[in-house]
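Remarks on the structure that follows.
The values are calculated or read from the model by the stated rules, or taken from the named source; none is laboratory data. As the structure is a computational prediction, the values presented were derived from the model and not from experiment. Ideal geometry is used to build each Cβ from the backbone, glycine not excepted, and the neighbour counts take in all protein chains shown.
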Amino acid sequence: MTFILKRPHTNDKNQFSRGCIIFKASELTFLTQPHPWCVEATEALAQQYLFGIYWPSYRENIPTYENVAFHVAGPTTIMLADGNHTPWLPFSTRNFLPALFQPDDSIAPYWDIAWVANATYQKHLPDFLKVLKQVYQRRPQTKTLMICPEPVESQMDSAKWYTELPTDFERLFTADERANIDLMRVKRHQSLYPVTPDTIAYFLKASRVFTLFSKREGTSRVISEALMTNTPVVARRELSGGGLDYLNDSNSRLFSTLDEAANSFIELLENPLTIDTTTLADAFSETVNIPKFEAGIKQVYNQLHEPFFGPLATTNLYRNLPGHANLLPREMVDPATMVDDVGTHENYLKLVDYLLGTHFHATYGEHAKRHDARIQRRKQRLHRFDSSWFGKQRWFKKRLRPWFVKQLQRAQ
């Protein structure tokens with residue numbers, strides 16, 4: 001996903017300052033692609049723009065990339081390989097929360113437990129339902145809010161999305177229990193975020209506890225949103241990626257087993273915590289952190305002996321930084337993602353043409369299409385195995401799947 005932080009700029013003294021593009025880590029393939037047609041486009045783009053990489057999830061041993069001027073990631077989200085001295089700006093989306101995420105004493109808590117996460121297996125929603133059943137057996141009056149965004153039916157991939165949610169919900173909970181659970185299966189028709197930030201902020205303020213069951217995330221912005229609205233968090237002790245950075249006994253409970261998770265909910269509902277949000281504002285407030293981020297970008301330019309002038313697009317960084325926006329023309333992004341996800345090498349050439357006024361797509365578009373088709377075939381082959389009986393076997397996951405992944409990486 002692509003975010004144009006700064007456009008190239010020429011001042012009144014005819015001095016030139018390159019622009020700045022932040023690509024999501026998954027788009028690194030465009031900058032490192034060895035095919036001549038892609039190299040030529042990247043070299044042309046690099047004459048006008050510096051490249052940064054945003055890392056939304058945990059990654060180790062990141063090597064030095066020739067075209068990458070800096071990385072953006074939370075302080076525990078990535079680990080650079082030995083010898084990699086590329087500048088690293090320790091920011092993520094959680095550092096730029098708008099002012100609407102703050103306590104509001106005028107909103108009385110209505111729900112006891114709030115769950116806000118996509119209905120994917122990565123979020124471990126089936127585990128949460130098992131724990132919630134334990135909670136209702138011990139505390140039947142509990143009120144639960146579950147906001148589970150999911151794509152329209154035609155895009156529901158059963159290998160990724162928890163398609164059994166409706167049937168499991170009916171099977172696990174009695175009619176009386178279901179009456180106390182507000183399950184919102186929100187369809188993502190035209191937006192990655194079908195629920196507005198204002199609405200999410202309200203739901204968090206109206207809840208006593210927020211929970212996330214993932215084992216691996218990025219810096220988990222929603223955890224920061226919950227903390228800033230004075231909503232304690234229940235999360236896995238082994239959560240990697242940075243979600244645990246600001247959690248402690250004064251604002252959360254961590255669990256390793258499902259029984260421990262149920263106990264944590266009961267404890268926090270019977271003995272509520274009050275979070276000192278003023279101590280977290282320096283970490284999460286956009287008012288505090290945008291100037292720091294701007295200073296970090298200017299320092300990168302200085303280290304590269306690059307002139308720096310021209311405005312930075314720092315509005316709505318908490319969504320724009322990872323490319324979770326609709327700022328690029330729709331013909332050059334993957335329509336299935338509903339955000340600024342370039343997605344394919346063909347679209348990358350379109351992006352370069354859009355930014356530079358060049359004609360790489362007209363010249364090399366067919367090369368890019370064939371390359372993308374080869375990648376897609378290997379992705380489909382891997383998906384067929386993941387969705388089949390083989391994909392559920394431990395020996396396949398440990399032995400054969402890594403080989404398929406390596407073949408896909410080579411194709412990219």
Exercise. Within the set of pairs 6+ apart or on separate chains, which have a first residue in region 158-175 that is over 11 Å from Leu129 (Cβ atoms), a second that is part of a loop (DSSP other than H, G, I, E, B) and modelled with pLDDT of 85 or more, and C-beta atoms under 7 Å apart?
Worked result: Trp161/Ala119
Exercise. From the list Ser256, Ser214, which one is more than 21 Å from Lys6 (Cβ to Cβ), hydroxyl-bearing (Ser, Thr, Tyr) and in contact with an Asp or Glu (Cβ under 8 Å, 6 or more places away or on another chain)?
Worked result: Ser256
Problem set entry | Check on Leu258, within 20 Å of Gln137 (Cβ to Cβ) and either surrounded by 17 or more Cβ atoms within 10 Å (Cβ to Cβ) or not acidic (Asp, Glu) (or both) | yes
Exercise. Within region 6-26, can you find the residues that are within 19 Å of Tyr318 (Cα to Cα), at pLDDT 90 or above and either outside any strand (DSSP E or B) or not assigned by TED's automatic domain parsing to the domain that holds Phe51 (or both)?
Worked result: Ala25
Exercise. Can you tell me which of Asn302, Asn251 is of a type in the set (S, T, N, Q), over 17 Å from His124 (Cα atoms) and not assigned by TED's automatic domain parsing to the domain that holds Ala201?
Worked result: Asn302
Seminar exercise, completed: Within region 33-48, the count of residues that are buried (at least 18 other Cβ atoms within 10 Å of the Cβ) and among the small types (Gly, Ala, Ser) comes to 1
Problem set entry | Among the residues listed as Leu125, Leu89, Leu172, the single one being assigned by TED's automatic domain parsing to the domain that holds Ile53 and either out of contact with any Pro (no Cβ under 6 Å at 6 or more places or on another chain) or under 22 Å from Lys24 (Cα atoms) (or both) | Leu89
Problem set entry | Test set (1) without any contact (Cβ under 8 Å) to a residue 24 or more places away in the chain; (2) in the same structural domain as Pro291 (by TED's automatic domain parsing) - Ala69 fails condition number | (1)
For this session: Could you pull out the residue among Phe30, Phe3, Phe51, Phe91 that is assigned to a helix (DSSP H, G or I), among the aromatic types (Phe, Trp, Tyr), touching a residue at least 24 places away in the same chain (Cβ under 8 Å) and surrounded by 18 or more Cβ atoms within 10 Å (Cβ to Cβ)?
Result: Phe30
For this session: Pairs only if they're at least six apart or on different chains, beta carbon under 6 angstrom, first in region 101-129 and closer than 25 Å to Asp259 by Cα, second in a helix (DSSP H, G or I) and among the β-branched types (Val, Ile, Thr); list them, first residue then second.
Result: Val116/Val222
Seminar exercise, completed: In region 51-80, residues that are in contact with an Asp or Glu (Cβ under 7 Å, 6 or more places away or on another chain) and hydrophobic (A, V, I, L, M, F, W, C) total 1
Exercise. Does region 216-223 contain any residue that is of a type in the set (Asp, Glu) and farther than 17 Å from Thr142 by Cα?
Worked result: yes
Exercise. Do we have any residue at all in region 71-79 that's outside any strand (DSSP E or B), within 28 Å of Asn271 (Cβ to Cβ), polar (S, T, N, Q) and at pLDDT below 95?
Worked result: no
